[in-house]
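Bear in mind these aren't lab numbers, they're just calculated from the coordinates by the rules spelled out. No experiment lies behind these values; they were computed from the predicted model shown. We place every Cβ from the backbone using ideal geometry, glycine too, and count neighbours over all the protein chains shown.
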Amino acid sequence: MTTRARFRFVVKGYPDGSPWITFEPQDGQLHGEGLPSGIFGFDLRKGTTGKQAEEIANFLDENISQFTFTAMPLA
């Protein structure tokens with residue numbers, strides 16, 4: 001079974017000021033056995049500015065419509 005959810009990409013900052021991007025659910029839920037609850041995010045290359053991080057987040061918002069999760073049976 002596959003579940004889908006729309007997410008919005010949001011720029012956050014580490015205490016040292018380095019930006020990172022998280023994706024926050026807008027509608028739907030991605031859930032399945034083995035999928036932990038929490039915050040998904042990713043780090044950007046060292047030296048990425050806050051402005052660049054915003055541009056990346058905007059690009060992702062405009063070009064990714066949904067995330068999917070498909071549970072796979074254990075072999």
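If I take R0 = 25 Å and measure r between the Cβ atoms of K51 and R8 in this structure, what FRET efficiency does the formula 1/(1 + (r/R0)^6) give, to the nearest 0.05?
After rounding, the FRET efficiency stands at 0.85.
Does anything in the range 45-63 have its amide N under 11 Å from the 7 Å Cα→Cβ label point of D16, and if so which residues?
46-47
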